[in-house]
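K.L.:
Before anything else, here's the structure in question.
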Amino acid sequence: MFSFSVGYYRVQYDDTEWERLAEALSGSDMDEIHPINRGSLLDDAMSLAQSNYLDYTVALPMTKYLENEVDPVPWNSAFPQFDFLETQLLDSDALPSLYVSEQFIRRFYEGKPSTSSYIIQVGK
């Protein structure tokens, strides 16, 4: 389904395709999509939303599958995006309702090897 590519670009899909991709990530066949591609999809969706090319109501559902994600590559794509949202929403009532909470991220990293170059240590 996906192939590796070289270069820096964003991929924009229509809203229906983004929804289908979110469903594919959340489905039982998630592993059919390579972790690098899963990370790229997250990064594209959230970066496009950040720059107002995609609505957050379309981009944020892409992150819901992370509760089942065990590979650090997609998480490393997601962390900077969540940091940006936290910064933007710091003084907002919406901040507590973000889908991925700090407690969830801490729970994900409990027991994971900290020597991996991909893993960001949370809470330092």
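Nothing in this text is a laboratory measurement; each read-out follows from the coordinates by a stated rule. Bear in mind the structure is a predicted one, so any value in this text is a computation, not a measurement. Here the Cβ positions follow ideal geometry from the backbone for every residue, glycine too, while neighbour counts run over all protein chains shown.
K.L.:
Please work out which residue is surrounded by the most Cβ atoms within 10 Å (Cβ to Cβ), limiting yourself to segment 54-67 and to residues that are out of contact with any helix residue (DSSP H, G or I) (no Cβ under 7 Å at 6 or more places or on another chain) and not charged (D, E, K, R).
P.N.:
First, the residues of segment 54-67 that are out of contact with any helix residue (DSSP H, G or I) (no Cβ under 7 Å at 6 or more places or on another chain): 57, 60, 67.
After this cut, where a residue has to be not charged (D, E, K, R) as well, the list is 57, 60.
Details: Thr57: 9, Leu60: 18.
This residue is Leu60.
K.L.:
Could you please give the count of residues in segment 27-43 that are more than 16 Å from Arg10 (Cα to Cα) and in contact with a Pro (Cβ under 9 Å, 6 or more places away or on another chain)?
P.N.:
1
K.L.:
Moving on to the next point. Search segment 29-45 for residues that are free of Cβ contacts under 8 Å to residues at least 60 places away in the same chain and pair each with any residue that is acidic (Asp, Glu) and surrounded by 19 or more Cβ atoms within 10 Å (Cβ to Cβ) when their beta-carbon atoms are under 9 Å apart and the residues are at least 6 apart or on different chains.
P.N.:
From residues that are free of Cβ contacts under 8 Å to residues at least 60 places away in the same chain, the pairs are Met30/Glu69; Pro35/Glu69; Arg38/Glu69.
K.L.:
In segment 17-33, what count of residues is obtained for those that are touching a Phe, Trp or Tyr at 6+ places or on another chain (Cβ under 8 Å) and outside any helix (DSSP H, G or I)?
P.N.:
So the answer is 1.
K.L.:
Here is a follow-up. Is at least one residue of segment 44-53 polar (S, T, N, Q), within 13 Å of Val11 (Cα to Cα) and surrounded by 14 or more Cβ atoms within 10 Å (Cβ to Cβ)?
P.N.:
Yes, there is a match, as at least one residue in segment 44-53 is polar (S, T, N, Q), within 13 Å of Val11 (Cα to Cα) and surrounded by 14 or more Cβ atoms within 10 Å (Cβ to Cβ).
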